[in-house]
Amino acid sequence: MSIERHDTPPEARTSYILRQLEGERLTIPGSKGVFRILASSKQTNGGIAVFTSGATLSDAPGFHWHAEAHDVFLVTKGFLKLWNGDKCRIMGPGDFAYVPPKVIHNPELLGPHTETLGLVAPGDWIDFFRYVAESYNGVLVPETDNRDLKSLLIPKVMAAKDRFDVHFERNYTPPEVADWLPTENQLPGPLEPYFLKADTGPRWLAGGVLSRPFITATQTGGKFAISSIESSSAYKSPAPFLDGERYITFTDVDHCFVVIEGTLTAQLQGESERANSVTAGETLVVAAGQSVRLGFGSRYVKVLSFTNGPGLEALIQEAAGEPFSGVVIPDELPAWDEAALQAAAAKVGAKLE
């Protein structure tokens, strides 16, 4: 039996694949946008919710903050204007921002068709979307939904202001949009709001697998991490550690892999059939405690990894030992140390076999 494919996340904490542009699909009336929930509390033991968000040019929801919830914004298409604390930036594809608790923020999708990947922690916060939205059964986004967003949204928010961790600031004076700073290319200290320019930040390479973390458990107080994971099927010998041949198990950490380019392969322990292919636009969720063989099925593979704690990105960093100086994955597989890899796995609570 293979990993089951779904159009919406299953009810249990289990491993599954979501088809392209699927998920629990919701639209806030008048927003001309859609949230596609890929995983939330039931799939991550309450830790995180992961979703994609798409919209045409639309109004921003308003300046607000969360007492406990963390927010992230990762642009994959189009442009997003984001107010984040005392800064405002125009974000394009690959740009990232982190909003910790108690920081006032406001996202405005500039279009013409913008797509983002988001995460909120804890995962139950996503219930706010479910409360203010309705189901969406269209193709991409409801571009012709001309209902008045504020007249529909504000009464609902006011009626449930004590149920959800969303606090609007009506008299807030926001910062002006400004150019990106040269320093917005690195990860800051814990619980600091920040912007990270596309294709910058730290890089780690171990066993032919490159990790570019957008945010690590260090920045989030251990709650979650997000990284770009990249490799290639062209690496032949010696084999990388994620080559579809050995099992990897994270005891306590769930992984949500969103494939951006190429093909990721996955096979759960006990499956008799050949590995599942997860292609661009699809999502693979691997439940904590589940042993899985992961591999790269095309010349270049790029996968975004969302975890509810230190996960694959932490393993790669620990095994690498030092930052990788290159910008892209190398043509030839660098030497790697099996003993260091096993020691790194033990350190981050993973098992390789």
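The values are calculated or read from the model by the stated rules, or taken from the named source; none is laboratory data. Note that the coordinates shown come from a computational prediction; the quantities given were computed from them, not determined experimentally. All Cβ positions, glycine included, derive from the backbone under ideal geometry; neighbour counts span all protein chains shown.
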- Query: What pairs come up if the first residue lies in region 298-317 and is of a type in the set (A, V, I, L, M), the second is part of a helix (DSSP H, G or I), and their beta carbons are under 7 Å apart, counting only those six or more places apart or on different chains?
  - Reply: Ala314/Val348; Leu315/Ala344; Leu315/Ala345; Leu315/Val348
- Message: Condition first: free of Cβ contacts under 8 Å to residues at least 24 places away in the same chain and closer than 18 Å to Val132 by Cβ. Can you find one or more residues in region 28-46 that meet it?
- Response: yes
- From the list Asn171, Asn185, which residue is in contact (Cβ under 8 Å) with a residue 12 or more places away in the chain, polar (S, T, N, Q) and not in a strand (DSSP E or B)? Asn185
- Query: Thr14 fails exactly one of the following numbered conditions: (1) assigned to a loop (DSSP other than H, G, I, E, B); (2) touching a Ser or Thr at 6+ places or on another chain (Cβ under 7 Å). What is the number of that condition?
  - Reply: (2)
- Item | Test set (1) surrounded by fewer than 20 Cβ atoms within 10 Å (Cβ to Cβ); (2) touching a residue at least 40 places away in the same chain (Cβ under 8 Å); (3) over 25 Å from Leu74 (Cα atoms) - Gln269 fails condition number | (2)
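Each row is one residue, and each column tells you yes or no for (1) touching a Phe, Trp or Tyr at 6+ places or on another chain (Cβ under 6 Å); (2) buried (at least 17 other Cβ atoms within 10 Å of the Cβ); (3) not in a helix (DSSP H, G or I).
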{"residue": "Leu284", "(1), (2), (3)": "yes, yes, yes"}
{"residue": "Pro310", "(1), (2), (3)": "no, yes, yes"}
{"residue": "Ile329", "(1), (2), (3)": "no, yes, yes"}
{"residue": "Leu341", "(1), (2), (3)": "yes, yes, no"}
{"residue": "Lys347", "(1), (2), (3)": "no, no, no"}
- If you go through region 143-152 one residue at a time, do you hit one that is touching a Phe, Trp or Tyr at 6+ places or on another chain (Cβ under 9 Å) and surrounded by 14 or more Cβ atoms within 10 Å (Cβ to Cβ)? no
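Select from region 293-308 the residues that are over 20 Å from the mean Cα position of the chain (by Cα) and either part of a strand (DSSP E or B) or assigned by TED's automatic domain parsing to the domain that holds Gly123 (or both) and list them in ascending order.
Across region 293-308, the qualifying residue is only Arg293.
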- Query: Any residue in region 76-91 that is of a type in the set (D, E, K, R), assigned by TED's automatic domain parsing to the domain that holds Arg163 and over 25 Å from Thr220 (Cα atoms)?
  - Reply: yes
- Query: Hey, Val120 hits all of (1) assigned to a loop (DSSP other than H, G, I, E, B); (2) touching a helix residue (DSSP H, G or I) at 6+ places or on another chain (Cβ under 8 Å) but one; which does it fall short on?
  - Reply: (1)
